[in-house]
Structures are given as structure tokens and as C-alpha cells.
Amino acid sequence: MAQIKVNGEIQVVELPLNVSELIKLNNVEQPEMVSVQVNEEFVDRDEWNSIQLKENDEVDFLYFMGGGAI
Amino acid sequence: MYDFTEQQIERYSRHILLQDVGVEGQEKILNAKVLVIGAGGLGAPVSLYLAAAGVGTIGIVDADVVDLSNLQRQVIHFTNDVGKAKVESAKEKMLAINPDVKVETYHTYLDSSNALDIISNYDFIIDGTDNFPVKFLINDACVMAGKPFSHGGILRFTGQTFTHLPGTACYRCMFKEPPPPGAVPTCSQAGVLGAIAGMLGTIQAAEALKYIIGIGELLTNRLLTFDAKTMKFHTINTRKTDRCPICGTHPTIDHLIDYEQAACELKK
């Protein structure tokens, strides 16, 4: 078991765990609408499967938000 | 030195009283030029507060006319404005609040052919638009022209905003390219709590005023998000990305792009 921070909140997860798996664990409805930062570095979508998370990693999910005028 | 009239001293007294603003700060506001893109949910509060603050020149870009379904959140438009061009409706209210300000209207869509030209006249740009193609266009145009801007987005009960200054993280540092059109929930499915537009728009207006006066810490290299259902605010630290296709070390974008717009019309 390892502790990581997701959008500022601590989550206890089982390693090994890659970014794609973390997205699934967090029930992100539309992964295509999310941008991911690991330890304040943005990671490309095609790296989500290969990036293995470690204890104390900080992951941020940033969501596309479009509205405003309409 | 700006020659304040007695009426102006009174009108702006609550700004002038602030140690960080004073007469000098108010003078900067009166000399400033801010462009608001979108006269909708975000553009409404932004334009009202910037006009009230006395921002000397405010440009406003919007091609639409006021629709009844806008009135739930676009507080600059009134019931008898339905059918009127949004930029005209907005201009009337801004001048009614403060005849000191000059309002320039652009009754047009912002696209790759006019974006650089329009923003070139302004010191600070507000993104109050509703769709990703224009959000990316504003980002790219501002990065290319070296203009600061405030990004804003709202959806359902949530909002997010950040401020870009040349050299700080841009929208493409965070989101490389627009989401596939099919992935975007349609506006009719998504909906938005009207008051969220006010919460986010007033943050954008405050950022513009802070930038103009030169005070405080702007929302640069930070993405502020909030969820009104829990009233939790969260700030994500970001930074300029070397791989960013527009502001990175080897940019691949050298011209403005008109992305395909996802259909976002309420079926009537």
C-alpha cells in the first residue's frame, strides 16, 4: 500500500499503479476530457500507461471546462 | 497626470481609499484598455465590474443576439433585450453604470483572421467564451502577441480560471489541444448554475484590475478550480511546459488555427 495525493487529497493505493489505472480507480467519466500532472509536470496522454506511480507522488487531474458565453 | 473631476473622486472614492490603489491606481484603471471576448455568462459580470471600476476602454466581442435562455445567468442582458445584439445590449448597461468609459463593440466571431488584429489594441484580454476552439485561439493569439489574459471556464457547478502573463504557463501547457468534438458534453446536457458565472467572472475582473494596478499576486502558474456544491476551492500549481506546442522550447504552432466547432445548440 502507498499514499499518493490526487488533487490535493490523500489516497491509499496498491502499487504497482500507472496513471491510466489511477484514472480508472477515480472513476473519471471522460478520460479524454482530462489532462494529468504528476509532481507538477504535465504528462502526455500516450505516457499514461507507462508512468508508474510511487509513494508520495502528487497527481492532479485537470478537466476541460468550456462554458461561459452561450 | 489625470485630471480627476470632483464627481470622479467621489465615484472612485472606495478605490482611492485603498492603500494599494489610491489616485495613482485609479488613474491606471482609467487609462487601461481591456478586451472582453464573449458577452455571456462570464463576460456579463466582467464587463459590469470593469465598467463600474472605470476601465477607460473596454472592447467587447460577441456575434450573438440575446436569447431568453441566456437571462438565467447573463446578468448584463435584460428581458427586453431578447433579440438584440449582445454587444449592443452590454454596451448600454456599461455606459449606464459609468459614462466615463469608452466601449468598443465587435459584433463578430473571433477567428484566425481577426484575432491578432483585435487584441493588438488592448492591454489585457478576458476569455469569457463558451467553446474550446476559441479558447485555444485566444491562448495562441495572446502568446504570439505577448498579451496577458485571464482564462475562464464553467460547467454545471464548477469553474476554473488562471491568468497568463508572457513567460508563465499557458492554456496549451495544461491542455495540449482541444478535446475531440464528440467528447464534449453538449450544453443542453451539461447545464450550469447561473451564479457560478458570477463567481468566476468576478475573479477574472479582479485579476484584470490587479494586473492594471500592478498589485498582489496574479493567478499565474496556478489553476484555480472550485465546486459550488461543496464550496471547496482548490489551486493546482502548474508551470510552463518545455514541450508546449506554442510556448515551449521547440514550438510547432506558428499560425492561428480555426478548430472545428462542436455542435452546441439547444434543439428548439
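So the values come out like this:
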item	result
B:Phe162 over 20 Å from B:Ala63 (Cα atoms), within 11 Å of another protein chain (Cβ to nearest Cβ) and either of a type in the set (Phe, Trp, Tyr) or open to solvent by less than 10 Å² (accessible area, probe 1.4 Å) (or both)	yes
Positions within segment B:231-242 being open to solvent by 50 Å² or more (accessible area, probe 1.4 Å) and of a type in the set (S, T, N, Q), in sequence order	B:Thr235, B:Asn237
Criterion (surrounded by fewer than 19 Cβ atoms within 10 Å (Cβ to Cβ) and touching a Phe, Trp or Tyr at 6+ places or on another chain (Cβ under 9 Å)) met by exactly one of B:Ala228, B:Ala205	B:Ala228
Which numbered condition A:Val59 misses (of (1) open to solvent by 10 Å² or more (accessible area, probe 1.4 Å); (2) within 14 Å of chain B (Cβ to nearest Cβ); (3) touching a residue at least 24 places away in the same chain (Cβ under 8 Å); (4) among the hydrophobic types (A, V, I, L, M, F, W, C))	(1)
Pairs, first facing another protein chain (nearest Cβ under 7 Å) in segment B:121-136, second of a type in the set (Lys, Arg), C-beta under 9 Å, six or more apart	B:Thr129/B:Lys135
A:Val6 being touching a helix residue (DSSP H, G or I) at 6+ places or on another chain (Cβ under 9 Å) and more than 25 Å from B:Lys135 (Cα to Cα)	yes
Condition check for B:Asp117: surrounded by fewer than 24 Cβ atoms within 10 Å (Cβ to Cβ), of a type in the set (Asp, Glu), in contact with a Lys or Arg (Cβ under 6 Å, 6 or more places away or on another chain) and farther than 18 Å from B:Arg239 by Cβ	no
Helices (runs of 4 or more DSSP H) wholly inside segment B:5-89 containing at least 2 residues that are among the aliphatic types (A, V, I, L, M)	B:22-31, B:43-53
Residues satisfying the stated conditions in segment B:23-39, i.e. under 28 Å from B:Leu137 (Cβ atoms) and touching a helix residue (DSSP H, G or I) at 6+ places or on another chain (Cβ under 7 Å)	B:Ile29, B:Ala32, B:Val34, B:Leu35, B:Val36, B:Ile37, B:Ala39
B:Ile76 being touching a Pro at 6+ places or on another chain (Cβ under 9 Å) and of a type in the set (Val, Ile, Thr)	yes
Matching residues in segment A:1-54 - criterion: being outside any helix (DSSP H, G or I), within 13 Å of chain B (Cβ to nearest Cβ) and loosely packed, with under 14 Cβ neighbours inside 10 Å	A:Gly8, A:Glu9, A:Glu29, A:Gln30, A:Asn39, A:Glu40, A:Glu41, A:Asp44
Criterion (open to solvent by less than 50 Å² (accessible area, probe 1.4 Å) and either more than 13 Å from the chain's Cα centre (by Cα) or not polar (S, T, N, Q) (or both)) met by exactly one of B:Phe157, B:Phe149	B:Phe149
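The values are calculated or read from the model by the stated rules, or taken from the named source; none is laboratory data. Predicted, not measured: the structure shown is a model, and the values here were computed from it. Methodologically, a virtual Cβ is constructed for each residue, glycine included, from the backbone with ideal geometry; neighbour enumeration extends over all protein chains shown. Ligands, DNA and RNA are excluded from the accessible area calculation, which covers all protein heavy atoms including side chains. Shrake-Rupley method; radii C 1.70, N 1.55, O 1.52, S 1.80 Å.
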